[in-house]
Amino acid sequence: MLWQLFYTFLFIGFVSFGGGYAMIPMIEHAVVEQYGWMSAAEFTDTVSLAGMSPGPIATNIAVSAGYHTAGVPGAVISTAGIVFPSFLLVIVISVFLYKYYADKWVQSALYGLRPVITAMIMYGAYRFAVNSGMIGSLGWNTAIVLALFVFSLFALIRLKMHPLYVIFLSGLIGIAVYS
């Protein structure tokens, strides 16, 4: 089990680009669909907690999934698996980019990756919404969730409110509406 956790998160770390949020669909596929280590609801809760916790979200998810699967050793081995590729790739890419950053091909490749990363982040958000039941039948719950989404987006973009305040206010609204 520990070897499988390590290999899974090592593989995800090596093939996922675009940061932690872009890695969420790959982690979900492995943890929920491929191995069944967590249910979709458990994974959605894990993503929520990992997003609010300090540190990289993908690492936080790996820690939680590893712990859920194999306790403390699972958390440690999953963390090592997901962190090692980033550590290694940052060193290699730094050397490469320092030497070839101005190259036309490198610039074009980096520019071409941007929309793919954006799409992966949006897909992760969509899967999160589906798994948490936010997208479903039209009713009061969906209307409240959409209103909270619009409020949060407006507060972040237009009002330039600090994300911590938006999270805090959204939590208070959630308590008021759902308790």
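The values are calculated or read from the model by the stated rules, or taken from the named source; none is laboratory data. These numbers come from a predicted model, not from an experiment. Virtual Cβ from ideal backbone geometry, glycine too; neighbours counted across all protein chains shown.
Worth a mention:
- Subset of region 30-43 [assigned to a helix (DSSP H, G or I) and either surrounded by fewer than 14 Cβ atoms within 10 Å (Cβ to Cβ) or in contact with a Leu (Cβ under 6 Å, 6 or more places away or on another chain) (or both)]: GLU33, GLN34, ALA41
- Residue match in region 91-98 (condition: out of contact with any strand residue (DSSP E or B) (no Cβ under 9 Å at 6 or more places or on another chain), surrounded by 15 or more Cβ atoms within 10 Å (Cβ to Cβ) and free of Cβ contacts under 8 Å to residues at least 60 places away in the same chain): no
Condition check ((1) at pLDDT below 85; (2) within 30 Å of SER39 (Cα to Cα)) across all residues:
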| site | (1), (2) |
| --- | --- |
| THR69 | no, yes |
| VAL72 | no, yes |
| PHE96 | yes, no |
| TYR111 | no, no |
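- If you go through region 154-179 and pick out every residue that is surrounded by 12 or more Cβ atoms within 10 Å (Cβ to Cβ) and more than 20 Å from the chain's Cα centre (by Cα), you end up with 8.
- Among all residues of region 17-29, there is none that is surrounded by 15 or more Cβ atoms within 10 Å (Cβ to Cβ), in contact (Cβ under 8 Å) with a residue 12 or more places away in the chain and more than 18 Å from ALA119 (Cα to Cα).
- Scanning region 44-82 for residues that are buried (at least 18 other Cβ atoms within 10 Å of the Cβ) and either over 11 Å from the mean Cα position of the chain (by Cα) or not in a helix (DSSP H, G or I) (or both) yields a total of 13.
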